[in-house]
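The values are calculated or read from the model by the stated rules, or taken from the named source; none is laboratory data. Because the structure is a prediction, the values reported are computed rather than measured. Cβ sites come from the backbone with ideal geometry, for glycine too, and all protein chains shown count toward neighbours.
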């Protein structure tokens, strides 16, 4: 059983020089908002990759805990949720997580 805790969504900090330059370059070339066209898709891919490292086979078990409330309070949170595999249980109730974690494997 594995646990993957994500304290904050993996959004780039625009004050970093490289990220700022990338955003300015994108603003000149791409239509739309650089956050929605560059940062958000890149961060969602990182979440999907992290999840993929946790669950590799059908018999793998693990918990992905996303502690950043923006995943449900911001409209862009759905982009992150849509990258995760469908059909898996989701909850915000710690008691449900605890019961699932304590279930015997096999």
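Scan the range 12-28 and tell me whether some residue there is at pLDDT below 75, loosely packed, with under 15 Cβ neighbours inside 10 Å and in contact with a strand residue (DSSP E or B) (Cβ under 9 Å, 6 or more places away or on another chain).
No - not one qualifying residue is present in the range 12-28.
Whether any residue in the range 29-38 is at pLDDT below 85, surrounded by fewer than 11 Cβ atoms within 10 Å (Cβ to Cβ) and in a helix (DSSP H, G or I) is what I want to check.
Scanning the range 29-38 turns up at least one residue that is at pLDDT below 85, surrounded by fewer than 11 Cβ atoms within 10 Å (Cβ to Cβ) and in a helix (DSSP H, G or I).
Output the residues belonging to the range 36-52 that are within 13 Å of the chain's Cα centre (by Cα) and either in contact (Cβ under 8 Å) with a residue 40 or more places away in the chain or farther than 13 Å from residue 10 by Cβ (or both).
47, 50, 51, 52
Looking at the range 49-76, which of its residues are surrounded by 14 or more Cβ atoms within 10 Å (Cβ to Cβ), part of a helix (DSSP H, G or I) and touching a helix residue (DSSP H, G or I) at 6+ places or on another chain (Cβ under 9 Å)?
Within the range 49-76, 51, 70, 71 qualify.
Within the range 83-99, can you find the residues that are in contact with a helix residue (DSSP H, G or I) (Cβ under 8 Å, 6 or more places away or on another chain) and not in a loop (DSSP other than H, G, I, E, B)?
The answer is 83, and nothing else.
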